[in-house]
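Participant: Pasting a structure below so you can have a look.
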Amino acid sequence: MGFSQKMETANLPWNAIAQEPKATLRIGQAIKPGSPDDLHPSGPMVLLSAHSQGLSRSLRPGWQVDSKEYDVLIIGGGIIGLSTAMQLVHKYPGRLRVAVVEKEDHLATHQTGHNSGVIHSGIYYRPGSQKAAFCVGGARRLRQFCEENEIEFQQCGKTIVATNESELGRLETLYQRGVDNGVQGLELVGSERLNEIEPYVHGIKALWASQTGIIDYVKVASAYAFRFQQEGGDIYTGAAVHQISENDGSLAVTTLKGVLHAKHLINCAGLYADRVAEMTGELTNLRIIPFRGEYYTLRPESQYMVKGLIYPVPDPDFPFLGVHFTRNIHGQVEAGPNAVLALSREGYQKSDINLAECWGTVTYPGFWKMSARYWRTGMAEVHRSYSKGVFVRDLQKLIPGIQSQDLAAGGAGVRAQAVSKDGALLDDFSILQGRKAIHVLNAPSPGATSSLTIGEHIVGLADEAFRLGD
Ligand SMILES: Cc1cc2nc3c(=O)[nH]c(=O)nc-3n(C[C@H](O)[C@H](O)[C@H](O)COP(=O)(O)OP(=O)(O)OC[C@H]3O[C@@H](n4cnc5c(N)ncnc54)[C@H](O)[C@@H]3O)c2cc1C
């Protein structure tokens, strides 16, 4: 399947399906909330300091938009929207009016600010898939971008550990996939070498990926935004888009701060990408289902047990990687994330319930087909989410010495996972090209690693579909 598919366009005008207002209900408080500032202490502030240096007149919460007209409007100020914005203005210096609209008061607040911070090397993905190509190339370009922009990253390497004989076949398949995808520095190692790399891990064999790294993606997104603004782009924050209509070839995009006009749109709205696509009248045949990933944090005195990144051999039928250990760029060690169905698209706590969004999920036929297919895995994930003992038992398969008292409650992230009408979890990235808009409909992990190559691809699509060069 190719990376971009021509959009199936509904025979509808650019209608105006308003986003449902949030009806968030909190019941109890079972897990400590995650916040991007916890995981990335210097995150969004970098961007605000860019603003305070006078680079942007638009990054100002409380500002009312003033009916400005743009050539391209990008909806969503996460890492993919910002990468696309940066590369678009760079390709057409001074020739395109481009803006990013973001509903939150800060950029990179959702998936970009709540992830594991791993620069994936490209092992897991089917050769020939979009994820494989964009991740391998994206990791290379990201490292180069970071060197040029003085953003810290570490190439700490990662082990994928087989803990019993039944996992050996899958481990070797992963090795072969990595090689086929062009990942450098892969090595299958025995238990002796594994214990040199990770002395506290128990495993009979492991795949050592020396190129895998760690980074703070909020800093990367901030750098993209900074460069975008330097080249003349505008960013509107606190400006949730809730209606899109077409009039005389121009699109009127109604935000909470007023109306902006654009010739073309790029939808990078992450957890709400399907909703934004609906606002434009596009039929996508899929729905974003939110999967929360919850983390524990190793207490400082227990962090010595993890040197780099330690992963299990993943379940080949499930698009998530299994709970693992990640030493992040700020020096903390996290364990997780799991993958449980979230009852709100931005539900970072178990207690977050959005009734309208739950209704949207349960009335989607694909949800029930997905549930029938994955109910066993889903129940196990929920059980582990509520039982620290079960979580610890799974972690002990990798590090037998880990005990419950080594772990403190950590943060959480919510993955935007697209599910098709037949209940399949979309395995690959999905970017659809409409007549006046491009929609990024499935960009889960390794979306942050791949942000530069995805952005470059979208610019190529926009160039062709919107005839930007004319
Ligand atoms: C738990 C977890 C762990 C992960 N780990 C990794 C990892 O280690 N490595 C990796 O490469 N990837 C990882 N990922 C995936 C990665 O985080 C995503 O692929 C990437 O952040 C997607 O970026 P985005 O810009 O599409 O989405 P987002 O960062 O979610 O940005 C979308 C933006 O759109 C805005 N928006 C939504 N609706 C509207 C609207 N109506 N109007 C205006 N704005 C709107 C949102 O507020 C948001 O800021 C992980 C993800 C999660 C959740």
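FYI, it's all coordinate maths here, none of it is from the lab. As the structure is a prediction and not an experimental result, all values here were calculated from the model. Glycine also receives a Cβ, built like all others from the backbone with ideal geometry; neighbour counts cover every protein chain displayed.
Participant: Kindly write out, for segment 367-378 in residue order, the coupling ³J(HN,Hα) from the Karplus curve 6.51 cos²θ - 1.76 cosθ + 1.60 (θ = phi - 60°), rounded to whole Hz, with x marking Gly and Pro.
Facilitator: Working through the residues one at a time gives 5, 6, 5, 4, 5, 5, 6, 10, 4, 5, 4, x Hz.
Participant: Any chance you could list P(r) for segment 228-270, counting all Cα-Cα pairs in 10 angstrom bins from zero, rounded to whole %?
Facilitator: Going from the shortest bin to the longest, the percentages are 24, 54, 21, 0.
Participant: Suppose only helical runs count, i.e. DSSP H with n ≥ 4. What mean residue ellipticity at 222 nm does that imply for the chain under -39500 (n - 2.57) per run, divided by all residues and rounded to the nearest 500 deg cm²/dmol?
Facilitator: Mean residue ellipticity at 222 nm (helix-derived): -9500 deg cm²/dmol.
Participant: Need one number for segment 4-465: average projected area of the convex hull over its C-alpha atoms, nm².
Facilitator: Reported value for the Cα convex hull: 20.6 nm².
Participant: What is the sum of charges, Lys and Arg at +1 and Asp and Glu at -1, for the other residues whose Cβ falls under 13 Å from the Cβ of Thr453? If you can, show how the numbers build up before the last one.
Facilitator: Working: positive: Lys131, Arg140, Arg141, Arg143; negative: Glu456.
Its environment carries a net charge of +3.
Participant: For segment 362-470, just say rounded, prolate or oblate: build the C-alpha gyration tensor, square-root its eigenvalues into a ≥ b ≥ c, call rounded for a/c under 1.5, and beyond that prolate if a/b exceeds b/c, oblate if not.
Facilitator: Here segment 362-470 falls in the oblate category.
Participant: Assuming R0 = 51 Å, what is the FRET efficiency of Gln155 and Val382, from their Cβ-Cβ distance, to the nearest 0.05? If you can, show how the numbers build up before the last one.
Facilitator: Numbers: r = 36 Å, r/R0 = 0.70.
It comes to 0.90.
Participant: Just want to confirm a number: the relative contact order over the chain, from Cα pairs under 8 angstrom separated by 6+ residues, in percent.
Facilitator: Details: 1088 pairs, mean separation 121.9, N = 470.
Result for the chain is 26 percent.
Participant: One quarter of the convex hull surface, Cα atoms only: what value does that give for segment 184-331 in nm²?
Facilitator: Its average projected convex-hull area is 13.7 nm².
Participant: Count charges around Phe153 for me, please; just the other residues with Cβ under 15 Å from its Cβ, Lys/Arg as +1, Asp/Glu as -1.
Facilitator: Neighbourhood net charge equals +1.
Participant: Could you pull out the trypsin sites (Lys or Arg not before Pro) across segment 130-163 that fall in loop regions by DSSP (anything but H, G, I, E, B) with no more than 11 other Cβ atoms inside 10 Å?
Facilitator: Here no loop site has a sparse enough neighbourhood.
Participant: Residue by residue, what Karplus-based ³J(HN,Hα) values in Hz, rounded to whole numbers, does segment 299-309 have, using 6.51, -1.76 and 1.60 with θ = phi - 60° and x for Gly and Pro?
Facilitator: Karplus-based 3J(HN,Hα) across segment 299-309 equals 4, x, 6, 10, 5, 4, 6, 10, 8, x, 10 Hz.
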